[in-house]
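Quick note: the coordinates plus some simple rules give every number you see, no bench work behind them. Here the structure is a predicted model, which is why all the values come from computation and not from measurement. Note that we place each Cβ from the backbone using ideal geometry, even for glycine, and neighbour counts take in every protein chain shown.
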Amino acid sequence: GFGSGSQKFYIFHQGGGWCGPGLQDCLKRSKTSLGSSISYPPTINYDREFFGTHQTKNPLTYNWNHVHLHYCDGGSFAGNNETATWVVDDDDDDDDDDDD
């Protein structure tokens, strides 16, 4: 990024869905761009849409840092937690707050 956008990030996490329902489906998928990065080029020019670096075409994020996370593992991410969940690790011996 540059100028006022140098500390801002647009992170695009590509969708794809998980593999399945069986192992053969996952094996078949592993030979495509949704299962392997082997066919990806070393660099890609994404200078368009939300990744565009021209202020007239992309007035919101033209000068931000742009990150594209390719999807190629067959995993799934889901959730709808509307409240914070706090977990205290009682076994954490490396607590820096100790005055010992």
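At-a-glance table
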item	result
Sequence-distant lysines (8 or more away, or on other chains) whose Cα lies within less than 22 Å of Lys57	Lys8
Among 15-27, 79-91, 37-49, 58-70, the order from most to least packed when residues are scored by Cβ within 10 Å on average	58-70, 15-27, 37-49, 79-91
Label-point gap, in nm, between Lys57 and Asp91 - each point 7 angstrom along Cα→Cβ	5.3 nm
Which label in (i) 28, 14, 13; (ii) 33, 29, 14; (iii) 21, 16, 10 gives the computed semi-axes √(5λ) of the Cα gyration tensor in Å	(ii)
Dipole in debye (nearest 20) - the chain, about Cα centre, beta carbon charges: Lys, Arg +1; Asp, Glu -1	2000 debye
Disulfide-incompatible cysteines by the Cβ rule (no partner under 4.7 Å) in the chain	Cys72
Net charge of neighbours whose Cβ lies under 12 Å from the Cβ of Ser36, counting Lys and Arg as +1 and Asp and Glu as -1	+2
Normalised contact order of the chain, rounded percent, pairs of Cα under 8 Å and 6 or more residues apart	40 percent
